[in-house]
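The values are calculated or read from the model by the stated rules, or taken from the named source; none is laboratory data. Everything quoted here is computed from the prediction, not taken from an experiment. Don't worry about glycine lacking a Cβ; one is built from the backbone with ideal geometry, like all the others, and counts go over all protein chains shown. Surface accessibility is based on the protein's heavy atoms, side chains included, excluding ligands, DNA and RNA. Shrake-Rupley method; radii C 1.70, N 1.55, O 1.52, S 1.80 Å.
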Amino acid sequence: KHIIQQTIRNIPFGKVLSYGDVATQSGFPGRARLVAKILAESNDESLPWHRVLRSSGQIAFPVDSAMFVEQQTRLMSEGVAVLSGRVKMLKKPLDLDALLWAPK
């Protein structure tokens, strides 16, 4: 739990990660739902939860909810471009091993 929260704290101002990215960087690859659960259960107001999005870049809250509006507002106040509830996510860096050993 603390490792995941620390990973979220380390997301720089104006940047975002997906739930899966947070899980992987915390040492729990494939555990995006664990990240979502920890965020949902957290009452730590200093945790920058708003910087965590779906892998598609979408805000996970329903569009007409107060939390959707709050997350979008927080992201935009950090200079993150949000269009229709979505942030353009950076492409993943190329994995040299995957490129070299991928089936042809």
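Scanning segment 4-21 for residues that are without any contact (Cβ under 8 Å) to a residue 40 or more places away in the chain, within 14 Å of K37 (Cα to Cα) and of a type in the set (V, I, T) returns a single hit, I4. Each residue in segment 10-54 was checked for being in a loop (DSSP other than H, G, I, E, B), open to solvent by less than 80 Å² (accessible area, probe 1.4 Å) and of a type outside the set (G, A, S), and 7 of them qualify.
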